[in-house]
1. Quick one: give the max-minus-min coordinate of the C-alpha atoms of the range 22-72 along each principal axis, largest first, in Å.
2. Would you mind working out the magnitude of the charge dipole of the range 1-89 relative to its Cα centre, with +1 at each Lys and Arg C-beta and -1 at each Asp and Glu C-beta, to the nearest 20 Debye?
3. If you keep only loop residues by DSSP, which chymotrypsin sites (Phe, Trp or Tyr not before Pro) in the range 1-104 have at most 10 other Cβ atoms within 10 Å of their Cβ?
4. Going toward the positive end of the dipole of the chain, with +1 on Lys and Arg Cβ and -1 on Asp and Glu Cβ, which of Leu53, Leu86, Val11 do you reach last?
5. Label 7 Å along Cα→Cβ of Glu22; the range 35-69 residues with amide nitrogen under 18 Å?
6. If you compute mean projected area of the Cα convex hull in nm² for the structure shown, which of (i) 10.7; (ii) 20.7; (iii) 7.3 do you land on?
7. Once label points are set 7 Å from the Cα along Cα→Cβ at both Asp50 and Ile106, what is their separation, rounded to one decimal in nm?
8. How much accessible surface does Leu65 have with a 1.4 Å probe, in Å² rounded to 10?
Amino acid sequence: NENGLICHWYVSMPTGAQDHIESDPFVVYQPGSKVKLDWCGFLVVDARADADLRLTVTDRNGNHLGVHFGSVDKLAVSEQFEMKELPLVHAHGTLARVTVHAASQIR
């Protein structure tokens, strides 16, 4: 998209608390090509919390194009950063696959 895309992390807690961070806009020049997005986010939650995560990609107008539904405990399982490939899906299947690096520090 020549106008750019934006990635978003959303977190929701059972208590109703929510938070959101977004990347800088980026452009995919060729369909199916890889894009390196250097974007870092940190999340602090209670060790016993059941936090739901959503990773989405939107156009610049805020239209959600693809989403990954997950949870903190499945994304980050150790203090060592691990790479995970997550599918971003929409009504017609998988829009894209993203690689994230995630770690967890239990305090």
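The values are calculated or read from the model by the stated rules, or taken from the named source; none is laboratory data. Not measured: the values here are computed from a predicted model. Please note: Cβ atoms are built from the backbone with ideal geometry, for glycine as well, and neighbour counts cover all protein chains shown. Protein only, heavy atoms only, side chains kept; ligands, DNA and RNA dropped before computing areas. Shrake-Rupley method; radii C 1.70, N 1.55, O 1.52, S 1.80 Å.
1. Each principal axis gives a Cα extent; for the range 22-72 these are 42, 21, 20 Å.
2. Here the range 1-89 has a charge dipole of around 200 debye.
3. Tyr29, Phe42
4. Farthest along the dipole direction, towards plus: Leu86.
5. 37-42, 54-68
6. Here mean projected area of the Cα convex hull in nm² agrees with entry (iii).
7. Taking the simple label geometry, Asp50 and Ile106 are separated by 1.8 nm.
8. 60
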